[in-house]
1. Applying a 10 Å radius around every beta-carbon, put 252-258, 297-303, 50-56 in order of their mean neighbour count, most first.
2. Quick one: Karplus J couplings for region 298-306, per residue in order, coefficients 6.51, -1.76, 1.60, θ = phi - 60°, nearest Hz, x for Gly and Pro?
3. Using Cβ counts within 10 Å as a stand-in for footprinting exposure, how do 292, 112, 232 rank, fewest first?
4. Could you pull out every residue, at least 5 positions away or on a different chain, whose amide H is within less than 5 Å of the one on residue 206? Hs are placed 1.01 Å off N in the peptide plane, and Pro or chain starts have none.
5. Considering only Cα-Cα distances, which of the following residue pairs are longer than 32 Å: 236/295; 27/55; 55/201; 201/236?
6. Full-extension gain between residue 247 and residue 113, please, as 0.36 nm times their residue separation minus the C-alpha to C-alpha distance.
7. Peptides 277-286, 61-70: what's the order by average Cβ count within 10 Å, highest mean first?
8. Any chance you could run the full-extension gain for residue 58 through residue 77? It's 0.36 nm times the residue separation minus the Cα-Cα distance, nm to one decimal.
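Nothing in this text is a laboratory measurement; each read-out follows from the coordinates by a stated rule. Since the structure is predicted, the reported quantities are computational estimates derived from the model, not experimental observations. Cβ coordinates were reconstructed from backbone atoms using ideal geometry, including for glycine residues, and neighbour counts include every protein chain displayed.
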Amino acid sequence: MTRHFLDLSDAGTAGIQAMLDDAIARKKARAGWTKGRVDADAPLAGHVLAMVFEKNSTRTRVSFDMAIRQLGGTSIVMDAGSMQLGRGETIADTARILSGYCDAIMIRTDDHQKVVDMAKYASVPVINGLTDASHPCQIMADMETILEAGFALPGLKVAWLGDGNNVLASIMEAGGLMGFDVVAACPQGYQPTDEDLARGKGRARVVGDPREAVEGADIIVTDTWISMGQAHAEAKLAAMMPFQVTEALMAAAKPNARFLHCLPAHRGEEVVDAVIDGPQSLIWQEAENRLHAQKAVLRWCFGQIG
Ligand code: CP
Ligand code: NVA
């Protein structure tokens, strides 16, 4: 059966653990190498990854491109606006066409139903590169970063501050699968849905007080207050302001707590410079790990691990 990676639950606990182990091991094995050098075993030689972007991207675009290259394969990167998709060709037809040329498809889009439809009509693996509902590849990199920082996932307390968005939904799903607690502090009107909370399998909850969320937390996470596709709204920014990650909030977490942000950041909005550039921040490692984690996602999709 074709393996799709539309959400973390597609891989399950064992699959995710296998991917994390693989990501960490492969990263170590090529330490110090030039970025374009292919891994010694070139496990995806001869494979082509098609990438379709309906939204902007820096990290996802470049890290997937480099991921498939390091695994021995190649990629074709397309902006939806320059494809027939942008003129109304259906996702279903696009899925069937790309499946005839390429070995896997990664898509970044708005409506999650589009990645579901892409997977339904494709005969090759489909990967969710972010939708309005979730961002599973990002959380694979986040978990790798947390493990590399010396934490264990089970029993961890992750505090989320700000918007109840797609990235939070995937973090809560990860908590449910890997056994860590997620406490999200979000203002009224911007809290995650009950459906998203349920992904946490009882380990995720929402609070209104940022201090309550960060108390005893190992990991503090935030994201932009205005996601791609959302209108810039002064009212939303004002409601979010008490949830800004400040040095005072970091000091209320565990002394060895670490800060994560998927990026791009809006400095002075969801986080202050002193935190994002401070000693507890792991953002550059987190961003680099998109590459390593996605190599494992690609290998999982092709049944090589997990
Ligand atoms: N974090 C993330 O997905 O970044 P890009 O939007 O640059 O891909
Ligand atoms: N929540 C953000 C994440 C960007 C990587 C967005 O959807 O725009």
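1. 297-303, 50-56, 252-258
2. Whole-Hz 3J(HN,Hα) from phi for region 298-306: 4, 5, 4, 4, 8, x, 7, 9, x.
3. Values: 292 26, 112 18, 232 8.
So the residues, fewest neighbours to most, are 232, 112, 292.
4. 184
5. Numbers: 236/295 36 Å; 27/55 28 Å; 55/201 30 Å; 201/236 29 Å.
Going by Cα-Cα distance, 236/295 fall outside the 32 Å limit.
6. Numbers: separation 134, 0.36 × 134 = 48.24 nm, distance 3.91 nm.
Net length gain for the segment: 44.3 nm.
7. On the way: 277-286: 16.2, 61-70: 20.7.
Listed from highest to lowest mean packing, they are 61-70, 277-286.
8. Working: separation 19, 0.36 × 19 = 6.84 nm, distance 1.22 nm.
Gain on extension, residue 58 to residue 77, equals 5.6 nm.
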